[in-house]
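What follows is one structure encoded as structure tokens, with my remarks underneath.
Any read-out appearing in this document is the output of simple, stated calculations on the displayed coordinates, not a laboratory observation. Here the structure is a predicted model, which means the values were calculated and not measured. With ideal geometry, Cβ positions are generated from the backbone for all residues, glycine too; neighbour counts draw on all protein chains shown.
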Amino acid sequence: MSDQLARDIELLAELFKTGGWQEVRVESHGISLLLSNDPATAPIGGVSAASVLPAPLPGAGPAAASAATSPTSSVAVDTPSAVDPSWKAVTAPNLGTFYRSPKPGSPAFVEVGRHVEADTEVCLIEVMKLFTSVKAGVAGTVKSIVAADAALVEGGQVLLYIQQD
């Protein structure tokens with residue numbers, strides 16, 4: 001389990017604990033997470049968390065004990081075959097859904113080959129109807145868009161690459 005995934009699960013467990021929710025189920029990239037206040041709630045597929053998780057998450061509360069991973073294979077992240085080390089990676093600021101355009105049917109914020117300034121909005125990350133605008137961060141030319149539109153991305157995941165001016 002990646003450190004980022006462990007941090008995301010810990011954050012979800014903390015939000016669950018303080019949010020007053022009864023049950024939350026999240027499935028993404030071959031991982032299934034169930035947080036429930038009902039001890040009779042069974043994990044997906046009847047698999048117990050103790051038999052699947054490699055080790056308890058440090059700092060995670062009792063709600064994380066309901067976490068279980070699904071036996072499905074994980075989805076590989078699409079990365080360009082030739083990434084120049086001088087290109088600047090624009091990464092997701094947090095876990096959420098990656099959107100290339102401001103609304104369905106609208107043109108994308110940027111396309112490969114487009115010149116951008118540091119303050120150019122390149123995409124949106126949405127989580128629970130809260131949209132975060134992601135800026136290029138550097139002036140240059142968009143060389144590769146790695147994340148798929150409407151895909152779930154993790155915090156720190158590369159979204160696109162920009163060749164700096």
Straight distance only, please: which aspartates and glutamates reach the Cα of Lys135 with their own Cα at less than 19 Å, same-chain residues fewer than 8 apart left out? Glu111, Glu117, Asp119, Glu121, Glu126, Asp149, Glu154, Asp165
Separation of the Glu121 and Asn37 label points, Cα + 7 Å toward Cβ, nm: 3.7 nm
Count the net charge of all other residues whose Cβ sits under 14 Å from the Cβ of Tyr99, scoring Lys and Arg as +1 and Asp and Glu as -1. 0
Based on the mean of other beta carbon atoms within 10 Å per residue, what is the order of 150-163, 113-126, most packed first? 150-163, 113-126
Extension gain Val83-Gln4, at 0.36 nm per residue separation less the Cα-Cα distance, in nm? 26.2 nm
Label-point separation in nm, Lys17 to Lys129, each point 7 Å along Cα→Cβ: 2.7 nm
Simple label model, 7 Å out from Cα along Cβ direction - Arg114 to Ser101, nm: 1.1 nm
Given H placed 1.01 Å from N in the peptide plane, which residues other than close sequence neighbours of Ala139 have an amide H under 5 Å from its amide H? Ala118, Asp165
Report the net charge of residues surrounding Leu33, where surrounding means a beta-carbon distance below 15 angstrom and charges are Lys +1, Arg +1, Asp -1, Glu -1. -3
For region 88-164, alpha-carbon Rg over 2.2 N^0.38 Å: 0.98
